[in-house]
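Data first, discussion second: the structure below is written as structure tokens.
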């Protein structure tokens, strides 16, 4: 792990860019951090780690006392994608606009994206937890499909907040029952890109004994800001 830049924000949070092999990432740590609980924070389907919504979530969460790490995993952000992946994305957008079935297209590139991303996120977790200013336990926030895979296979994940998506690859739908950590699932009731009933069925499928669903009116990017406050209280209960 090699840090490439750093800046101290107005609220005292330290923001540092890093690289881990070919993986670029960002780490935010709270003021005076010593063994702070860690939250892995991801975005959906290849959006960059520098996306304004993710950065705002990360900075707010770090100011609440958590270390926050995010990366551009394989196929995300500026990292190269294959021509087949780009075509699949274009086909998916076209099919969704036309109201056509999208499951086959979705599986063709989201499934491999999860498979390729999960090892890089686990390697990042290894590297960040080796830093003296970061400790455990570990939470996860963001992309549901990736979060299911990480929570199902990595025992270091102690709690997770998923941004509910109806279109989750078949492998992750099957893994949902293996997710047993406390969950907070955020659902946008009018999400134009994710079928509501599928998201509700996925919530039913999770094996967690402690799971909470927050549903709000609005489209995919309309999650209310107060849900970020609620998610921090959720982490306070389970990681604090």
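For (1) outside any helix (DSSP H, G or I); (2) over 29 Å from residue 28 (Cβ atoms), each residue gets a yes or a no:
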residue	(1), (2)
54	no, no
58	no, no
61	no, no
77	yes, no
96	no, yes
107	no, yes
123	no, no
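Of everything in segment 169-197 that is part of a loop (DSSP other than H, G, I, E, B) and closer than 17 Å to residue 106 by Cα, the residue that is modelled with the lowest pLDDT is 193.
In segment 148-166, the residue that is surrounded by the fewest Cβ atoms within 10 Å (Cβ to Cβ) out of those that are under 26 Å from residue 225 (Cβ atoms), modelled with pLDDT of 95 or more and in contact with a strand residue (DSSP E or B) (Cβ under 7 Å, 6 or more places away or on another chain) is 158. Summed over segment 173-205, the residues that are within 26 Å of residue 238 (Cα to Cα), in contact (Cβ under 8 Å) with a residue 40 or more places away in the chain and surrounded by fewer than 21 Cβ atoms within 10 Å (Cβ to Cβ) give a count of 1. Right, residue 69: at pLDDT below 85 and outside any helix (DSSP H, G or I) or not? Against the criterion (at pLDDT below 85 and outside any helix (DSSP H, G or I)), residue 69 does not qualify. Does at least one position in segment 31-40 carry a residue that is under 21 Å from residue 232 (Cα atoms), free of Cβ contacts under 8 Å to residues at least 60 places away in the same chain, over 13 Å from the mean Cα position of the chain (by Cα) and outside any helix (DSSP H, G or I)? Taking every residue of segment 31-40 in turn, at least one turns out to be under 21 Å from residue 232 (Cα atoms), free of Cβ contacts under 8 Å to residues at least 60 places away in the same chain, over 13 Å from the mean Cα position of the chain (by Cα) and outside any helix (DSSP H, G or I).
Conditions tested, residue by residue: (1) within 26 Å of residue 10 (Cα to Cα); (2) in contact with a helix residue (DSSP H, G or I) (Cβ under 7 Å, 6 or more places away or on another chain); (3) surrounded by fewer than 16 Cβ atoms within 10 Å (Cβ to Cβ).
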| site | (1), (2), (3) |
| --- | --- |
| 65 | yes, no, no |
| 88 | no, yes, no |
| 93 | no, no, yes |
| 113 | no, no, no |
| 118 | no, yes, no |
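Within the set 240, 218, the sole residue that is at positive phi and either modelled with pLDDT under 95 or in contact with a strand residue (DSSP E or B) (Cβ under 6 Å, 6 or more places away or on another chain) (or both) turns out to be 218. Considering only segment 210-225, I want to know if a residue exists there that is under 19 Å from residue 68 (Cβ atoms) and either without any contact (Cβ under 8 Å) to a residue 24 or more places away in the chain or assigned to a helix (DSSP H, G or I) (or both). There is at least one residue in segment 210-225 that is under 19 Å from residue 68 (Cβ atoms) and either without any contact (Cβ under 8 Å) to a residue 24 or more places away in the chain or assigned to a helix (DSSP H, G or I) (or both).
The values are calculated or read from the model by the stated rules, or taken from the named source; none is laboratory data. The model shown is predicted, which means the values in this text are computed figures rather than measured ones. Ideal geometry is used to build each Cβ from the backbone, glycine not excepted, and the neighbour counts take in all protein chains shown.
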